[in-house]
Each structure stands twice: as C-alpha cells, then as structure tokens.
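The values are calculated or read from the model by the stated rules, or taken from the named source; none is laboratory data. The structure displayed is predicted, hence computed values, not measured ones. Cβ atoms come from the backbone with ideal geometry, glycine included; neighbour counts cover every protein chain shown.
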C-alpha cells in the first residue's frame, strides 16, 4: 500500500506537469453530449487554502478481504448442460481448469468505441455470465458477505446489487495492461474480483488512482494441519474497487489464474427493499461501521481535520466576495452519474460534509485553455449550467464573471463594485483528481475492458458551492 505522503506527492507533481494540457477528444465528447445549457468559463486557481485542504482528504478507492470456506464451497456449472458431475466446472475452491478452459473464448478489450483483439495488450480468455452459473442458487449466499463489506467500505450509505459479469482466465503468458472498467449503466460504479483456488505464478494485480499505485496478492489463503500438513481450510481473496480506478494484470509465468468478476450497481431504496439492512446512514460515514469486516483493507481519511479546514477556507472565500467556489470531483463518472446518490468514496464524503453548510451543485466540466491577444495563456474550467444535481441554477451566468488586464471596461465603477460579488467565480484545482488525466490529448487511446462512447464515456465533474443565504 502506498504511503499517504507518497500518494500526495505523486498527485501534486502530476498537477504541475499536466493540468494545462488540453483534451481534444474529451472536448469533442463533451460538446457532442445531449446536455444543453449555457457555458461559463471559470478561472483556475492553484496552491490555495482550499486546494491544500482537498489534497489532505484521502480515501483508498479499493478494498481487499477474504471469503472463508463456508462462503465459497459452491459448484459452477454450464447452464446449457445437465446438472451432473460431468457438466460441472468444479467448486470455487477446486475448479476444473480443463473444463473451464475448453468452454472459454479469447478476451477482447475496448479502445474508444472500437472492440480490439491484441494479445500484446490483453492476452486472456473468459466465459460470459450467461454461460456459467452457480449450482442450486448459491450465488446470493456467496455475494452476501461481499455486499456487507462493500456497504461498510466503498459504498457507505448506499444500497448495492451485485451482478455476475464473467469468469476471466489467464494462462501462462496471459496479461492485461492498464485500463479502466467499462460501465454497464449510469448506476454501475464498482467491480469485484474473486480469485478461485488455482496455482499460478506472476499475474500480480495492480491498481492505480490519482498517481498512487499499489498491488494485491490474489492467491488463496490455505491453512494446513501442523502435524499432517493436510489442508484444513481454503479462503478466497477478493478485491473490490471503483470502476474508474485503473488496473492491470501482470504476465502469468506459470499455471492458470481464474477470477470471478462482478459489477456493482447502486440501487434506489425502493428497488430492492430486501437489501435495506445493508444500508448505513450517510451521517456515519467512515466511522464505527468498519468493525464488522475487520479483515478488510479499506478506505480511510488520512487527515479528518481537513474537512473542517476545507469548509473554513470556502467560507473565507465567500466572505472575500467570491460568489461561487468550485472544486473538482476526485473520481470520473458517466455524465448522467454526476449526481449525489452516485458519488464515490472521497467525493461522497466531501459532498456530505459541505452540503451541511453550503448550497452544493454537481455539474460536468472540462479544462479549457484561452490565448489572449498579447500571447498570454490562461487555463479555465468550462461547465454546463443546464442541469445541476438539484435542478437549480445556484449561480446565474453573467456576461463577464471575472476580469483580465486585457479586458476593456464596459461597466461603470459603480456597477462593477455593486456586482463584483455576483460575478466572481473561482475553480480551485486540487492535484488529487483524475480530471487531469482525462484532460490529456492522448486520452482517447485509453483502454477499457469493452468499447465505450457517448453517454457511457467517463467525464470529469465539479462541485459548485455557494453560501446558503446566497440569492444566486
């Protein structure tokens, strides 16, 4: 696990190196999206008390834990065959690798909106969910602990549903380079991997978010009798993470690596009432509810006082006359998913905290570079004011939000003084955000496990924060 100081140092370095780079592809996708509304350019500010507080608020965007023997002793079967011993793919703790390999097919991946087969980038095989099932309906029993862990770590305050996606297989030489998981719905926000009990070497699993990289051991935990050396129990490793977290599988050097992959969907409360016992109130974010899954390595805030520092810094900006303060979301989302109920990890924590004090709106954004007549360059943020998270326009667009030394005076000094607080809007660019990566010119070549385009593409978002007594 990367140290917090390393996480912040890498992220801040990326900010200075990358924040000014524009994304041609991201701008094209943003402009072609169906959202309508007025655009407003907002100047970008760096190294402020607001960005300092933001960079100290960290959570891990993944969690790792084990499933014990009582939770994994189930058979996988071919649903098109008779359910007998000959049609079984084996147990999760003793899979029939030969039968699984025979039923599998080569894995493709997505590059933009294209489906690609390239073993130099991804060399693996898979069985889709409709071709492999659990015997005797035990899938819900397997997923029950997974959901408990998810609702105590990555998705606190949410109701989640697991949907089996596929069984992935990597033989000797198999690998999958860096990619983000493609989303299968606006409420699809997580991935769960369950490694089966096989023998393999290599194939290490890496995760990277905001410039911080870590890896996990996916091998099963096997306990043996100290006297006879016979196996007494087998526990399977599980890793769960948000869909926008980059990850890769190193090359398998020996054996076969088998993994069940699940999609995690956030459900509205009235869709699955039987799951309500899993829901934890937002007011108890990241507190006492981590104890039931003590074996899990999960999200935490390194510097909780930074939440108060952030709120105080925003209040100070409002008192100085800034009508609207905006900050980037840490994670990436589908455009339609930039809503409070779909926020991930640290975004949910920050939104929950700020909403208690301020009016907070969520909107898709992109970085924009403007060149002035004298050759000066300014980086700004562009947002849509069309649809906010609460269907309200918290800050009405005006003809000129901010002044530049090249601007000509078009209002009297009295008008400028009267309207200054209404015009000023500031975007505080934290270094710990994937908005920087998605704003690179070569982002259109970024890989996913499926092709993605249009409404299914990843977008950056921002929180737009006004004082509660503001009339804007």
Condition met for residue 254 (more than 29 Å from the chain's Cα centre (by Cα), part of a strand (DSSP E or B), surrounded by fewer than 21 Cβ atoms within 10 Å (Cβ to Cβ) and at pLDDT 95 or above):
yes
Residues of segment 166-187 being in a loop (DSSP other than H, G, I, E, B) and crowded, with 21+ Cβ neighbours inside 10 Å, in sequence order, are 174, 181, 183, 187
Test residue 214 against the stated conditions and say whether it is touching a helix residue (DSSP H, G or I) at 6+ places or on another chain (Cβ under 7 Å) and either buried (at least 22 other Cβ atoms within 10 Å of the Cβ) or part of a strand (DSSP E or B) (or both).
no
From the option list 202, 157, 190, single residue qualifying as touching a residue at least 40 places away in the same chain (Cβ under 8 Å), closer than 30 Å to residue 352 by Cα and surrounded by fewer than 22 Cβ atoms within 10 Å (Cβ to Cβ) is 157
May I ask you to say which residue of 340, 328, 397 is at pLDDT 90 or above and either touching a strand residue (DSSP E or B) at 6+ places or on another chain (Cβ under 6 Å) or over 27 Å from residue 245 (Cα atoms) (or both)?
328
Can residue 373 be described as in a loop (DSSP other than H, G, I, E, B), modelled with pLDDT of 50 or more, surrounded by fewer than 21 Cβ atoms within 10 Å (Cβ to Cβ) and more than 21 Å from the chain's Cα centre (by Cα)?
no
Pairs only if they're at least six apart or on different chains, beta carbon under 6 angstrom, first in segment 214-242 and on the phi > 0 side of the Ramachandran plot and modelled with pLDDT under 90, second in a loop (DSSP other than H, G, I, E, B) and surrounded by 20 or more Cβ atoms within 10 Å (Cβ to Cβ); list them, first residue then second.
none
